[in-house]
Amino acid sequence: MPLPPNGTPATHDHIPPGRSPGALMLGADVGEYIVLDQDPDELVFTPGPDGGEYVDMPGEREESKPPDEGFYSNLAAVLPDSVKNRIATELIRSIEVDKRARELRDKQYEEGIRRTGLGKDAPGGADFEGASRVVHPMLTEACIDYESRIIKEMFPPSGPVKPKIIGAVTKEKEERASRKTEHMNWQITVQIKEARSVLETLFTQVPLGGSQFLRQWWDHRLKRPRWEFAPIDKVYVPFAAADYLSAHRKTFADRISAIEFKQRVSQGQYLDLDLPPPSMMPDPTKSEAASRKVEGVEDQAENIDGDRDIYEVQTYLEVTEDAAEALGGEVEKAGDLCPYLITIDVTSREMIAMYRNWEDKDEAREPLEHMFEFPFLPWRGAYSIGFPQIIGSLSAAATGALRALLDSAHTNNAVSGFVLKGSGIGGQSRRADIGTLMEVDAGTEADDVRKRIMLAPFNPPSAVLFQLLGFVVEAAKGVVRTSMDETPTNGPAPTPVGTQISRVEEGMVVFSAVHGRAHAAFDRLLAGLHRLNRLYLPEEMKVDLSGREILVRRQDYEGPADIQPVSDPTIYSDIQRFNQLTYIQQ
């Protein structure tokens, strides 16, 4: 809290006449005071950016409540049961329709995970004993390449945030943006301990799922923001939605343990209802089951942690008369169409939370974002597409060709064939299995062993098939190329600077577009973190940055989000930076 007058040292002279030192009166503006029963010599003063000084007020380091706690309160606590039951029933019916509409999408994601071969159950290939189960690694290679490139650009060691001055540049704006940048970098790299692992998990799955999501909320128990990976197979939107952002209903099927559920109840996030405990483990999605095979874990069907499924729904609701009466009729009027964030327990079908999903005083009532989409390649519709749709068939062809080559080499080297009946080997099989001999009846006049035994005429590995495999792999790389074209380093004449830079940019054009979409998604994520800080940060707090302290104030986050990702969608690799710098210097 700033001290009047601006720029004057803090002394007992600031105490108005008639007041004792134990009742110091401080104010944000000259002539405005509040009474503080504390000796002035025990207060801690900090220089402010405007030349004044700030006092460290008792209790201001605690987590702040939203400006209007009533507006941001859990409306499920005041709504009649009849209204809550009606809303929950209608939403669950709509969610089930949304869920069935995207079953094929879940199957495509599952097939993409299986075609990586990491779960050792990739489809295709021969079914005889000893047949090759090898999988061409093009999908795995492409996913690793994408994740490695994108995380380096989006999450550098110094932090992913940099300032963005909006409007005319002033010293005050620069200092405020710098403070927020340092604080948010500290939040993401230090305070939000799960931030990097969540981002890396998300980026490995984006190419397989087409889109993935990141959930962000303020955890009142930990008194900090929380990040969580939300896989696309757990996200449902209406069939006719044009895109995710404009969808009027967005559902996340969350699965939480009994401990996490109790913690959210104790924080006041959910209602404290007598819900029946879930008896069995909830069924996994197809892609979730495929991913478990990759991880090497198996469901034991024992729900020892009390895991339960809940639906977290962002949707629009028309306010009925009985709902408006229960809510007081001051914010919503009967007939209004408003966005809400609703949580439903799937087992009991009970509504356990309902919040207004727009900013207080926002007349437009624009919905707030809680889940942030990271798309790979947008397509016509709400769901983006990934490698399973783009090169899934090429991956299957490459795997099939590779397995055929190895099977051919195996059968060509194995001892298998036919023997005459009565040769003493026995057996009546009419099918020659790999590594076995089959007895056949060829009469009694065959006296040469070579007349009794014939090796199976298996063909050796085909050179044509090998060339076809190379063609398929090159075709797939041409579609999803994320590496720069090779540029000549020597020759009869040096390559012009403009030509070299053009080759560098052309070689990364595909990855540039994908990186630009990730950059835009991360920008929206930072804007959401900026809003959470404005609502819940303490009035003042000190942050230790490698031995250097910075003072962060909640009021810094009032106004526009003058921050942005440090990544640059036009520059996306160290090689590109180095090459451009080198050629320009030359």
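Details
- Under the Karplus curve 6.51 cos²θ - 1.76 cosθ + 1.60, θ = phi - 60°, whole-Hz ³J(HN,Hα) for region 136-145, x wherever Gly or Pro sits: 5, x, 4, 5, 4, 4, 5, 5, 5, 4
- Residue-by-residue Karplus 3J(HN,Hα) for region 539-547, coefficients 6.51, -1.76, 1.60, Hz, glycine and proline x: 4, 8, 7, 9, 10, 8, 10, 6, x
- Shape of region 326-376, Cα gyration tensor, a/c cut at 1.5: oblate
- Karplus (6.51, -1.76, 1.60) ³J(HN,Hα), θ = phi - 60°, over region 237-248, in Hz, Gly and Pro reported as x: 10, x, 4, 8, 5, 6, 7, 5, 4, 8, 4, 7
- The listed residues T285, T347 rank as T347, T285 when sorted by accessible area, largest first, using a 1.4 Å probe.
- For region 151-289, the fraction of alpha-carbon pairs lying more than 25 Å apart is 49 percent, rounded to a whole number.
- Legend: distances between Cα atoms for K99/K293; K223/K286; K250/K286; K152/K180; pairs beyond 31 Å are K223/K286.
- Based on the reciprocal of the average 1/r between different C-alpha atoms, the Kirkwood radius for region 279-355 equals 15.6 Å.
- S73 - accessible surface, heavy atoms, 1.4 Å probe, Å² rounded to 10: 40
- Measuring nothing but alpha carbons in region 357-400 and taking Rh as the Kirkwood radius, the Rg to Rh ratio lands at 1.34.
- Bins of 5 Å, starting at 0 and running to the largest distance - Cα pair percent for region 218-333: 2, 8, 12, 16, 17, 18, 15, 6, 2, 2, 1
- Lysines whose Cα lies under 18 Å from that of K333, excluding same-chain neighbours fewer than 8 positions away: K84, K361
- With the convex hull drawn over the C-alpha atoms of region 98-180, the volume per residue is 182 Å³.
- Distant-in-sequence amide H partners of I256 (H built 1.01 Å from N, under 5 Å): R308, I310
- Net +/- balance of residues flanking L202 in space, Cβ distance below 12 Å, scoring K and R +1, D and E -1: -3
- A probe of 1.4 angstrom, applied to the heavy atoms of all protein chains, finds M280 with accessible area near 130 square angstrom.
- Tail weight of P(r) past 15 Å, computed on alpha-carbon pairs of region 144-222, percent: 65
- Annotation: amide H of D219 within the under-5 Å range of R224, R226, sequence separation 5 or more or interchain, hydrogens built in the peptide plane.
The values are calculated or read from the model by the stated rules, or taken from the named source; none is laboratory data. The model shown is predicted, which means the values in this text are computed figures rather than measured ones. As a convention, Cβ positions derive from the backbone with ideal geometry for all residues, glycine included, and neighbour counts pool all protein chains shown. Accessible surface areas use protein heavy atoms only, side chains included; no ligands, DNA or RNA. Shrake-Rupley method; radii C 1.70, N 1.55, O 1.52, S 1.80 Å.
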